[in-house]
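Please read the structure below before turning to the comments.
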Amino acid sequence: MEFDVNQKIKERSGYADEVFKLLPNSSDIELVVLKGHLAIEEFMYLALQDHVQDFKWIKEARLSFNQLACILISMNKMEGLNDAYSAILALNSIRNKCAHSLRGEGINAPIAKLRHILPSISEKHQN
């Protein structure tokens, strides 16, 4: 089955706008990371839904964020998405550091990686 990412983005742009309105405009990094993580997870489930015959079983599997990302990466090895996948995995690493460390130890490296990746993703989508 041919999967056109740009078409899916256009189809769901209204939905994406609604989800992004729910994200906080805050300097609280943990809050932004946790909410952003939930939003990305929802988008990943939507993307996966287009590839399976009975989505009920995907939901039943209760996939972790990382498992879900790895499945999508394996299904969508398309030119131009590698940075997006790297950003998703970096976000997951940041989220895990926030959720499992009271003092935020180890959070700086994945944040730096995400900050390095995001400009290239933005540039690709502006063209």
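Taken together, the values in this text are just the output of simple stated rules run on the coordinates, not laboratory data. Every value quoted in this text rests on a predicted model; they were computed, and no experiment measured them. Methodologically, a virtual Cβ is constructed for each residue, glycine included, from the backbone with ideal geometry; neighbour enumeration extends over all protein chains shown.
Extending 7 Å from the Cα toward the beta-carbon at both C70 and L118 defines two label points whose distance is 2.7 nm.
Checking the cross-link pairs K56/K97; K56/K113; K35/K113 against a 26 Å limit on the alpha carbon distance flags K56/K97; K56/K113 as lying beyond it.
Each label was represented as a point 7 Å from its Cα along the Cα-to-Cβ direction; for A99 and S27 these points are 2.7 nm apart.
Once you list every other residue whose beta carbon is under 11 Å from the beta carbon of A90, what net charge do they have if Lys and Arg are +1 and Asp and Glu are -1?
The answer is +3.
Classify the stretch 36-91: rounded, prolate or oblate, from the alpha-carbon gyration tensor (a ≥ b ≥ c, eigenvalue square roots; a/c under 1.5 rounded; otherwise prolate if a/b is larger than b/c)? It is oblate, given that a/c is not under 1.5 and a/b is not larger than b/c.
Annotation for the stretch 30-121: trypsin sites (Lys or Arg not before Pro) lying in DSSP loop with at most 15 further Cβ atoms inside 10 Å of their Cβ are R62, K77, R103. For the pair Q49 and A61, the difference between a 0.36 nm per residue extended length and the Cα-Cα distance amounts to 3.0 nm. The spacing between the stretch 96-119 and the stretch 35-86, judged by their C-alpha centroids, is 21 Å.
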